[in-house]
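In what follows, a structure is listed as structure tokens, so that the remarks can point back to it.
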Amino acid sequence: MDFLLKNDINIDTSYALRLCTEQGKWRACCYIYRRMGLFEEAVHLALTKLGDVKEAEQIAESAVGGSEEVVKKLWLLIARHVVDTKEDIKHVMEFVNRQDQVLKIEDILPFFKDFFYIDDFKEAICNSLELYNSDINRLSEDMRDATESAERIHNDIANLRRKTCMIESSKTCVLCDGSLLVRSFYVFPCTHMFHIKCLVKEVIPHLSLHKAREVQRLENLMANLRDEDRVRTDQYKSAKSQLDEIVASECILCGEIIIQMIDKPFLTDDEGEFERLKAEWL
């Protein structure tokens, strides 16, 4: 062990482990396993070959970088050894109490025999039940808050659907600047107004390929239904609702799309476009 501690950086761990195993240097093997990150093997060796619970506890405590599941598994190995080797139940409970952040009484109960005197567990079981009761009360409060929040959102959505606004005949589409009322249009709560076709044309480049194809399919379906002598109202409404959900779930000038475009220039490098816009503005 002294040699390993002094030459911690330079040793070949695989060779050193094989050599220590051949010579029965189990404490050195535990150290090498721990250095290799094989904490479960180190704990198992400390318990079976050395019978040293303190050494196993030190190994488990050194596994701070491991996942919670791995750390708990190490402590369960130690707890099972303590239960199997210690006839004094109070000693076992003292061990569990020292590890109350990792182990609970219900974790070690399966390690005991089917018939056991319960008085030594009474306090631990009561404490565990109190903790579960506190967790249940906290979860109930969270569920109540979530339910109230969902109801408020549902009411807001219902109120939004019933919301109406007056549109003057002089209003125009924000995108094409044409008269709004000559074609079907969308009006958003932010008061931006768009022709449906104008908005669809503007939104499609920002959609995924799958959604863009879905928009085209819905537009074709709605066009075919309108061309029929007798429009199938239910199908048309369903297609219109799906189209609204994709292209009109939020205003293109106030929602996520405009935020994603914040780093894009207003004009491309095409000089012709600049001159055209310059002539329009001036």
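The values are calculated or read from the model by the stated rules, or taken from the named source; none is laboratory data. Because the structure is predicted, anything quoted here is derived from the model rather than measured. Heads up, the Cβs are rebuilt from the backbone with ideal geometry, glycines too, and the neighbour counts pull from every protein chain shown. When the accessible area is computed, the model is the full protein with side chains, heavy atoms only, and any ligands, DNA or RNA have been set aside. Shrake-Rupley method; radii C 1.70, N 1.55, O 1.52, S 1.80 Å.
Miscellaneous remarks
- Full extension of the chain segment joining Asn220 with Lys197 gains 7.0 nm, where the gain is 0.36 nm per residue of separation less the Cα-Cα distance.
- Shown is the FRET efficiency for Thr233 and Cys190, computed with R0 = 35 Å from the Cβ-Cβ distance and rounded to the nearest 0.05: 0.70.
- With a Förster radius of 25 Å applied to the C-beta separation of Asn133 and His154, the computed FRET efficiency comes to 0.20.
- Order of exposure, largest accessible area first, which applies to Ile125, Ile257 with probe 1.4 Å: Ile125, Ile257
- Between Lys171 and Ala279, the simple spin-label model (points 7 angstrom out along Cα→Cβ) gives 3.4 nm.
- Heavy-atom accessible surface of segment 122-248: percent carbon and sulfur, 1.4 Å: 51 percent
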